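Colleague: Take this structure, written in structure tokens, and hold onto it; I'll ask about it next.
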Amino acid sequence: MSRVGSNFSFVLYPQIIPTHPDHCQHIPVTHSVSLLPWSNNANMVYTLTVHLRAKSADPAIIQKLKNKLIEASRVYSKDKETISWFVMQSVHDPRDFTIVERYEHESSQKYHLENPYWKTFDPYVKPLLEGEMDLRRFEELDTSHDVVVE
């Protein structure tokens, strides 16, 4: 089935398969997702990954951080031009979390930053963290076409 010129919609459940099963566990959150069509001129999906580490192994601290991330995912997943906003927790170290934010365009972040919830997130989360959040920005590669690997 060609993705060019087609729109798909479906409900995505938390049974997502991570790139390697030992790397993370997905925190159960249900999202509605629209897949964007790919074409030669389409903008690539703009993706942010954010790595966070709880400041201690205290289960109460980890649970507070986990609950805030779940709440944030439920709020931010509804933002305009947000494709998905996932939160994950390491299966090897419960203090380690990752957020994967996927947007239709780089400019789509403005809806995220304009959300009133955004002003509450950092003040709540930062005191629970060991160090700064590690934020990285990406454009997803178009994998809809065959390539030659030499």
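Read-outs: derived from the displayed coordinates by stated rules, not from any lab. Note that the structure is a prediction, hence the values are computed from the model and not measured. Please note: Cβ atoms are built from the backbone with ideal geometry, for glycine as well, and neighbour counts cover all protein chains shown.
Colleague: Straight-line reach from K110: which aspartates and glutamates have Cα under 17 Å away, leaving out those fewer than 8 places along the same chain?
Modeller: Partners within reach: D79, E81, E101, D122, E139.
Colleague: Quantify how much of the Cα-Cα distance distribution of region 35-150 extends past 16 Å, in percent. Could the numbers behind the result be given before it?
Modeller: On the way: 4277 of 6670 pairs.
When every Cα pair of region 35-150 is considered, 64 percent fall beyond 16 Å.
Colleague: While we're on this one: Among Y111, L135, V149, which residue has its Cα furthest toward the positive end of the charge dipole of region 100-150, with +1 on Lys/Arg Cβ and -1 on Asp/Glu Cβ?
Modeller: Y111
Colleague: From the phi of every residue in region 139-149, what ³J(HN,Hα) in whole Hz does the Karplus formula 6.51 cos²θ - 1.76 cosθ + 1.60 yield, where θ is phi - 60° and glycine or proline is x?
Modeller: Once rounded to whole Hz, the list reads 10, 5, 7, 6, 9, 7, 10, 5, 10, 9, 9.
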